[in-house]
Amino acid sequence: MSQNTIAAKRYAKALFEVARDQDRIAQVEQELDSVLSVLKENADLNKLIKHPGIGADVKIGLIKQIFESTLSEVVVNTINLLIEKGREESLEAVVNAYNKIAGDALGEAKAIVYTPVELTEAELNSITASFSKLISKQIRVESVLDKSLLGGIQVRIGDRLYDGSLSGKLERLKKSLNQSQAL
């Protein structure tokens, strides 16, 4: 495990404890996700925040200007602390670690469902019910279109991938055939 991952988990745990004390676990999770979303959508802003040649005070001022009205003080302070400590690169890892800690505490898990076509609400509900039962947690589903899949679905929950895609089945068949030929 890298030093950045270890540090990210520590920041996430500290943020979670503050959010829990303020009874804002879900709100902080949503705010962190929105920050990541903004940074992913705005590549120039992301580069600016992560650029080592730009001073921390400039980055903090920029974060304050962009997010102050939409984020809670605890989230802004956490981002500012990451910037002050030169750990801007760890923001995504902190958000992912926080989401895992928060999900575990709330008995929830996030599932990312990859499909080659758009799913209906009924299909998403069916997937949610099936995987909720499988892992004994409430599931929050995010649907992602992946045209590289030939058919079927892939579901990622945490670090586990449930592969029910046609391409995954073909790959497993190929491995099976190769192993049987090696014998």
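The values are calculated or read from the model by the stated rules, or taken from the named source; none is laboratory data. Since this is a predicted model, take the numbers as computed values, not measurements. Here Cβ is always computed from backbone atoms with ideal geometry, including for glycine, and neighbour counts include all displayed protein chains. Accessible surface areas use protein heavy atoms only, side chains included; no ligands, DNA or RNA. Shrake-Rupley method; radii C 1.70, N 1.55, O 1.52, S 1.80 Å.
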message: Once the cut-off is 14 Å, how many percent of the Cα-Cα pairs in the stretch 58-97 end up in the long-distance tail?
response: 44 percent
field: Using θ = phi - 60° and Karplus 6.51 cos²θ - 1.76 cosθ + 1.60, couplings along the stretch 23-29 (whole Hz; Gly, Pro as x)
entry: 6, 10, 4, 5, 4, 5, 4
- line: Scalar couplings 3J(HN,Hα) for the stretch 111-120 by Karplus 6.51 cos²θ - 1.76 cosθ + 1.60 (θ = phi - 60°), nearest whole Hz, x for Gly and Pro, are 10, 9, 9, 9, 9, x, 9, 5, 8, 7
task: Obtain the nm distance between the two label points defined at LEU106 and GLU92 by a simple spin-label model: each point lies 7 Å from its Cα along the Cα-to-C-beta direction.
output: 2.3 nm
message: Can you tell me which of LEU71, LEU82, LEU173 moves the most in a GNM of the chain? Springs connect C-alpha atoms under 10 Å apart.
response: LEU173
statement: Filtering GluC sites (Glu not before Pro) in the stretch 82-170 by DSSP loop and by at most 15 other Cβ atoms within 10 Å leaves GLU118
Set LYS40/LYS169; LYS9/LYS50; LYS137/LYS175; LYS13/LYS47; LYS110/LYS175 screened for pairs whose C-alpha atoms are more than 21 Å apart: LYS40/LYS169; LYS137/LYS175; LYS13/LYS47; LYS110/LYS175
field: Between helix 166-182 and the chain: long-axis angle, C-alpha atoms, 0 to 90°, nearest 10
entry: 60 degrees
task: Give me the percent of the accessible area of the chain that comes from carbon and sulfur atoms, probe 1.4 Å, all protein chains in place.
output: 52 percent
message: I need the peptides 39-45, 60-66 ranked by packing, meaning the mean over residues of other C-beta atoms within 10 angstrom, with the highest value on top.
response: 60-66, 39-45
task: Tell me the label-point distance for the pair GLN30, LYS13, using the 7 Å Cα-to-Cβ offset, in nm and rounded to one decimal.
output: 2.8 nm
task: Pop the C-beta distance of ASN80 and ARG20 into the FRET formula with R0 = 22 Å and round what comes out to the nearest 0.05.
output: 0.60
field: Percent breakdown of C-alpha pair distances by 5 Å bin, ordered from the shortest bin, for the stretch 82-183
entry: 2, 11, 16, 17, 14, 13, 11, 7, 5, 2, 1, 0
statement: Regression test value, accessible area per residue of the stretch 32-183, probe 1.4 Å, units Å², expected 61 Å²
field: the chain: most fluctuating residue of TYR114, TYR98, TYR11 per GNM, C-alpha cutoff 10 Å
entry: TYR114
task: Using only the Cα atoms of the stretch 57-126, each taken as one equal point scatterer with no solvent, compute I(q) by the Debye sum, divide by I(0), and report log10 of the ratio at q = 0.16, 0.22 Å⁻¹.
output: -0.75, -0.96
statement: In degrees rounded to 10, the 0-90 angle between helix 91-106 Cα long axis and the longest Cα principal axis of the chain is 70 degrees
- line: The correct pair for the chain, radius of gyration to one decimal and Dmax as a whole number, both in Å and from Cα atoms, is 19.8, 65
query: Calculated from DSSP H runs of 4 or more alone, at -39500 (n - 2.57) each and per residue, what is the 222 nm mean residue ellipticity of the chain, nearest 500?
result: -20500 deg cm²/dmol
